[in-house]
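Worksheet: the structure to be examined is printed underneath.
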Amino acid sequence: SIGDWTATVAMNFARPAHTATVLAEGRVLVVGSLYRPSLQTTELYDSATETWTNTIVLNYSRLNQKNILLRNGTGLI
């Protein structure tokens with residue numbers, strides 16, 4: 001139900017101080033890391049399959065970035 005937390009599989013990389021954005025279709029986009037400044041990958045969590053997928057590789061690592069959900073349902077970093 002909404003508001004409940006459930007443990008699931010770990011991300012592919014530990015990401016302290018990351019940002020997470022719920023996309024329109026329900027998947028979660030995770031970006032950035034405080035202690036891993038070289039981490040330029042992003043991960044996408046799919047609760048239907050309980051899997052994390054490495055998605056795009058950014059040109060530069062991110063810290064303190066903002067993620068914005070656009071009207072078309074995609075995320076902007």
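The values are calculated or read from the model by the stated rules, or taken from the named source; none is laboratory data. In this text, all values refer to a predicted model and were calculated from it rather than measured experimentally. Don't worry about glycine lacking a Cβ; one is built from the backbone with ideal geometry, like all the others, and counts go over all protein chains shown. Please note that ligands, DNA and RNA were not included when accessible areas were found on the heavy atoms of the full protein model with its side chains. Shrake-Rupley method; radii C 1.70, N 1.55, O 1.52, S 1.80 Å.
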Subject >> Modelled FRET efficiency - R0 22 Å, ALA10 with ALA48, Cβ distances, 0.05 increments >> reply: 0.80
Subject >> Sequence of ARG71, ARG62, ARG15 from largest to smallest accessible area, 1.4 Å probe >> reply: ARG71, ARG62, ARG15
Original post:
Heavy-atom accessible area per residue, the chain, 1.4 Å probe: how many Å²?
Top reply: 71
**OP:** At 1.4 Å probe size, with no ligands or nucleic acids counted, give the accessible surface of SER47 in Å², nearest ten.
**Re:** 80
**OP:** Taking every pair of Cα atoms in the chain, average 1/r, invert it to obtain the Kirkwood radius, and report Rg/Rh to two decimals.
**Re:** 0.95
